[in-house]
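Q: First the structure, then my questions, so here it is.
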Amino acid sequence: MLKYICIIAVVIIGEVVAKSVFPTPRLDTACSKIVVRRDVTTLGPAELDRFFRVVREMHRRGWMDGFGSMHDHISHQVHGNDQFFAWHRRFLRHFEVLMQDIDPDVVLPYWNWGTFWQNPLADPVLSAAYFGSNGRPGDGCVLDGAEARWGRNYPSRNCLTRKFRYGTSTGSFWPMRAVRDVMNSAKTHAQFRSRIENGAHGIVHLGLGGDFETMWAPVDVLFFLHHAMIDKIWAEWQSRDLQRFRSVDGYDAARQPVMASSLLPFYGDEVSTTLATNGPGYCYVYDDVPGPAPFVKSTHKRDEMPEFAAPLNGTDTSSDSFVNMRVANSKGGSSIVDFTPPQPMDPKWLKSMHYDVKEAARMQHLVDNVVAQINAERREVGSTKSK
């Protein structure tokens with residue numbers, strides 16, 4: 001059995017007082033086995049059903065509200081600075097360990113939003129078969145999928161909501177080619193973090209809207225699959241240079257240097273403990289990302305977890321260039337339809353989320369150029385085939 005430090009919090013909603021326990025498991029000091037995190041769309045029906053049953057139970061226990069509350073209350077410490085990757089890796093592992101306490105055989109999957117980046121509405125992940133689509137007109141309540149008609153109690157009593165950015169559309173996300181351009185150009189952890197956080201990461205939050213575009217977004221299970229994709233992207237970047245599994249750089253929210261020995265907000269673990277996904281306490285790899293050679297068993301002794309006293313309420317799309325989207329023309333033939341890049345993110349929203357407005361503008365320029373390259377290649381291939 002896992003040993004927990006339990007966080008007891010009181011929620012006041014009008015005249016209703018509810019008490020909940022939100023557990024924070026200590027991580028193991030060694031790996032008894034290494035599991036594989038996979039694209040959620042590759043899970044078989046039985047695997048997917050087990051995952052859904054576990055997250056519904058977590059919701060029933062009030063744990064999703066707990067994750068949303070924690071993330072919201074320390075958001076300024078773990079966004080817009082270089083604690084972002086390491087802290088969210090620890091946060092995902094917290095979620096995964098609680099899942100495995102309910103069902104030891106369930107592993108957190110990831111959502112590869114790069115597969116349907118141009119038209120997320122066609123993504124099965126945003127369908128009734130998986131996590132549901134847009135919220136109901138008016139109030140944004142999610143009515144289909146695994147989270148259909150879920151309530152939430154944080155930050156107030158309401159339904160779980162999504163409100164797509166353009167009413168009935170999320171808009172485009174980032175193509176994986178743009179993500180890999182960042183992987184190829186970013187030489188330091190700080191550069192890579194800033195470019196991904198203010199680009200590919202942010203556009204998904206804004207596109208889904210509703211609870212997803214807030215700092216309590218972890219009330220939505222899909223948050224964890226989105227961030228597993230971000231974690232996978234970081235793991236792939238790390239795999240290109242073994243030194244990246246041992247060191248970090250940049251600054252935290254207090255403008256203090258982030259180093260391997262820096263402590264993660266709330267958890268108190270050293271950043272070094274998060275750097276290898278197959279290291280002690282984490283014990284996972286991604287299905288198509290090479291991990292580092294197994295690390296020697298850690299002798300690091302984790303201190304007891306601090307109390308969290310905030311209120312608690314109960315990849316690779318290599319066919320980017322050649323997807324054959326065509327429309328009929330007046331001569332009875334067809335022509336290739338250009339892809340559209342994601343639209344710029346609202347500066348006011350960026351600031352509210354502790355993001356970097358200037359970096360977001362630079363990333364917008366990058367993704368615009370990448371999509372233009374993709375369109376040029378598709379037109380060239382199309383014209384060659386028509387000859």
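The values are calculated or read from the model by the stated rules, or taken from the named source; none is laboratory data. These numbers were taken from a predicted model, which means no experiment stands behind them. Because the Cβ atoms are built from the backbone with ideal geometry, glycine has one as well, and the counts that use them run over all protein chains shown.
Q: Given the residues Thr168, Thr214, which is the only one that is within 17 Å of the chain's Cα centre (by Cα) and of a type in the set (Ser, Thr, Tyr)?
A: None of the other options fit; the residue is Thr214.
Q: Of all the residues that make up the range 252-293, how many are part of a loop (DSSP other than H, G, I, E, B) and among the polar types (S, T, N, Q)?
A: So the count comes out to 5.
Q: Taking only pairs six or more apart or across chains, which ones have beta-carbon atoms under 7 Å, a first residue in the range 239-267 that is at positive phi, and a second residue that is among the basic types (Lys, Arg)?
A: Gly250/Arg193
Q: Another question, if that's okay. So if I check each of Trp63, Trp87, which one is of a type outside the set (Lys, Arg), at pLDDT 95 or above and within 16 Å of the chain's Cα centre (by Cα)?
A: Trp87
Q: Go through the range 56-73 and give me each residue that's within 25 Å of Trp234 (Cα to Cα) and surrounded by fewer than 21 Cβ atoms within 10 Å (Cβ to Cβ).
A: Matches in the range 56-73: Asp72, His73.
The rows are residues; the columns are (1) assigned to a strand (DSSP E or B); (2) among the small types (Gly, Ala, Ser); (3) modelled with pLDDT of 95 or more.
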position	(1), (2), (3)
Asn313	no, no, no
Ser318	no, yes, no
Gly332	no, yes, no
Ser335	yes, yes, no
Phe339	no, no, yes
Gln364	no, no, yes
Asp368	no, no, yes
Glu380	no, no, no
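Q: Next question. Taking into account only those residues within the range 40-79 that are touching a Phe, Trp or Tyr at 6+ places or on another chain (Cβ under 6 Å) and of a type in the set (Asp, Glu), which is nearest to Val219 (Cα to Cα)?
A: Among those that are touching a Phe, Trp or Tyr at 6+ places or on another chain (Cβ under 6 Å) and of a type in the set (Asp, Glu), it is Asp65.
Q: Which one of the conditions (1) in a strand (DSSP E or B); (2) at pLDDT 95 or above does Phe22 fail to meet, given that it meets all the rest?
A: For Phe22, the exception is condition (2).
Q: Going through the range 242-251 one residue at a time, which ones are farther than 18 Å from Val78 by Cβ and assigned to a loop (DSSP other than H, G, I, E, B)?
A: Arg246, Ser247
Q: Return yes or no: is Gly44 of a type outside the set (A, V, I, L, M) and surrounded by 19 or more Cβ atoms within 10 Å (Cβ to Cβ)?
A: So Gly44 fails the test.
Q: While we're looking at this one, here's another question. Scan the range 194-208 and tell me whether some residue there is of a type in the set (A, V, I, L, M), outside any helix (DSSP H, G or I) and at pLDDT 95 or above.
A: Among the residues of the range 194-208, not one is of a type in the set (A, V, I, L, M), outside any helix (DSSP H, G or I) and at pLDDT 95 or above, which makes the answer no.
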